[in-house]
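Have a look at the structure below, then the notes.
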Amino acid sequence: MFNRTENLSQYIKLYPVISIVIAINIVVYLLGLIPPLGANILNLGQSANYLIADGEYWRLITAMFIHGGFFHLLFNMFSLYVFGPELERIAGKLRFFTIYFVSGFMGNIISFLTQPPYYASIGASGAIFGIFGAFAALVYYTRKTMPQLKQIIMPIIIISLIMTFLQSGVNGTAHVVGLITGLIIGLFDFHPKRALRWLKKR
C-alpha cells in the first residue's frame with residue numbers, strides 16, 4: 001500500500017496534488033538558501049503569533065511551506081511522498097487537498113490561540129499529521145474489512161506522537177491539532193454511505 005514503485009513521471013501524473021505541494025516546498029527551501037532572500041522568506045512567512053495578532057494572517061498559511069533545514073524538509077516531504085498517494089487515490093484530489101490544507105491551517109490557528117505572543121513556528125508537520133488522522137478514520141471504517149491497515153497506520157501515528165513530545169523545538173500543538181482535524185474530516189468524508197455516493201460519481 002505504501003511501497004512506491006512509480007517512476008517520477010508516473011508519480012506526477014497519478015498524484016498531482018502531492019507533486020505540486022512537494023514542488024512548492026522544495027522551491028521555497030531552495031530559495032531560502034539564497035542569503036538575503038532566505039531571511040526575507042522566513043521573516044515574512046513564519047507563523048509568528050505577535051505578527052499574526054497585528055493582522056498578518058497570511059502567516060497561518062505561508063508557514064506550512066517553509067522549513068527550518070534540509071532534514072526538516074526531508075522528513076515532512078518524505079512522509080507526504082510515501083503516505084499521501086494512497087489517500088489522494090482514495091479521497092480524490094479535492095478532498096485530499098482539503099485534508100492536507102485545513103489540517104495544517106487549523107494547527108497554526110490553534111497554536112496562535114494557545115501559545116504565547118512571541119511563539120513562532122514553520123513547517124508542514126500539522127498537515128502531515130492531518131494525513132495520518134484521515135488514515136485513522138479509514139482504519140475505523142475498515143476495521144473489519146481491512147485489519148492490515150490498522151496494523152500499519154496505528155503504530156506510525158503512535159510513534160510520531162511520542163517523537164513529537166520527546167523532541168525539542170517541535171510544535172506539538174500543530175501536530176496534535178492536525179491529527180484531530182484530519183480525523184474529523186476523514187470521519188465525515190469516509191463515512192460508508194457518503195463515500196459510496198462520491199465514489200460512484202467518479
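Worth a mention:
- The set of residues from segment 78-121 being among the aliphatic types (A, V, I, L, M) and within 13 Å of ARG4 (Cβ to Cβ) comprises LEU80, VAL82.
- Residue in segment 72-89 that is buried (at least 17 other Cβ atoms within 10 Å of the Cβ) and within 16 Å of ILE41 (Cβ to Cβ) present: yes
- Verdict on GLU86 being at pLDDT 95 or above and among the acidic types (Asp, Glu): no
- Lone qualifier among ALA23, ALA63, ALA48, ALA39 - being surrounded by fewer than 13 Cβ atoms within 10 Å (Cβ to Cβ) and within 26 Å of PHE112 (Cβ to Cβ): ALA39
- For SER111, the criteria (1) closer than 19 Å to PRO192 by Cα; (2) modelled with pLDDT of 95 or more hold in every case but one, which is (1).
- Scope segment 166-182; condition assigned to a helix (DSSP H, G or I) and surrounded by 16 or more Cβ atoms within 10 Å (Cβ to Cβ); matching residues: THR173, ALA174, HIS175, VAL176, VAL177, GLY178, LEU179, ILE180, THR181, GLY182
- Conditions (1) under 23 Å from ILE52 (Cβ atoms); (2) in contact with a helix residue (DSSP H, G or I) (Cβ under 9 Å, 6 or more places away or on another chain): number failed by GLY169: (2)
The values are calculated or read from the model by the stated rules, or taken from the named source; none is laboratory data. Computed from a predicted structure; not experimentally measured. Positions of Cβ are generated from backbone atoms using ideal geometry, with glycine treated the same way; all protein chains shown enter the neighbour counts.
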